[in-house]
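Here's the structure, in structure tokens; my notes come after.
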Amino acid sequence: MILNIQRQPGANTIAVVKSIEDLLPQLQANLPASVKLTALTDRTTTIRASVKDVEFELVLTIGLVVMVIFVFLRNLYATIIPAIAIPISLVGALAVMYLLGYSLNNLTLMALTISTGFVVDDAIVMIENISRYLEQGLAPLEAALRGAEQIGFTIISLTISLIAVLIPLLLMGDIVGRLFREFAITLAVTILISAAVSLSLTPMMSARLLRHKPGSEQGHFLPLVRAHVRNSHRAIQPNLAVDSLP
């Protein structure tokens, strides 16, 4: 005898299969010894494998983003500040997903993975602007206030531009539109939360953690870049006062 069990519309496939697996020992105990219960097919095997792959890609993406930030900023504290924006944005997006009744599926996990690269952009822009005022000799708190005030509108405009790209996905109809609506909303919510973090938590942490470092303590990468810029300006404009370059 073959018994085909299908889930109700809107039910979670993994939850349904788990409840059946929990009942199988009880059913087997009530059957004669010569009757055996065997699961012929299980759709959750491929679902679990795909979700596990996307979860691994999410963790790998976070690690790569933090590593790239550290390679270019060459500052531990400047790396920690945008790195903290990643889990806060993702946790906030998960909270909104829970309120909206969304589940962790391939589309929502893909949206969280893609958003990992977006959530650090605003924080990096904010940190670079604050660092510029620190190099001019301002106190950390004053540099954070002035940098946040100057770059705040830019971060808001960037956030609106990114969300505007997702509007066509929100307006799609039929089954494809319903599928991509969760993807678009998850990605948009993560970007919004990252913008809020960049305008509030990032300047506060910059005022506490960032300090101006002399050129001799900035590693080898930045001096090489500045030397390349000086040589380029010297080759293009021989009469330019090179000493006035930053």
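A few comments on the model shown:
- Alpha-carbon gyration tensor eigenvalues x 5, square-rooted, for region 42-108, Å: 29, 17, 6
- Quotient of C-alpha Rg and 2.2 N^0.38 Å, computed over the chain: 1.46
- Each other residue within a Cβ distance under 13 Å of S89 adds +1 if Lys or Arg and -1 if Asp or Glu, for a net charge of -2.
- With a Förster radius of 41 Å applied to the beta-carbon distance between D53 and I175, the computed FRET efficiency rounds to 0.95.
- Heavy-atom accessible area ranking, 1.4 Å probe, most first, across T154, T41: T41, T154
- Its DSSP H runs of at least 4 residues, each contributing -39,500 (n - 2.57), put the calculated 222 nm mean residue ellipticity of the chain at -27000 deg cm²/dmol, to the nearest 500.
- Accessible carbon and sulfur surface of region 1-154 relative to its total accessible area, %, 1.4 Å: 66
- Degrees, to the nearest 10: 140-170 long Cα axis against longest axis of the chain: 40
- Using the Cβ-Cβ distance between A33 and M1 with R0 set to 22 Å, the FRET efficiency works out to roughly 0.85.
The values are calculated or read from the model by the stated rules, or taken from the named source; none is laboratory data. All of these numbers come straight from a predicted model, not from anything done at the bench. All Cβ positions, even for glycine, are placed from backbone atoms using ideal geometry, and neighbour counts span all protein chains on display. Note: accessible area is taken over every heavy atom of the protein model, side chains too, but ligands, DNA and RNA are not part of it. Shrake-Rupley method; radii C 1.70, N 1.55, O 1.52, S 1.80 Å.
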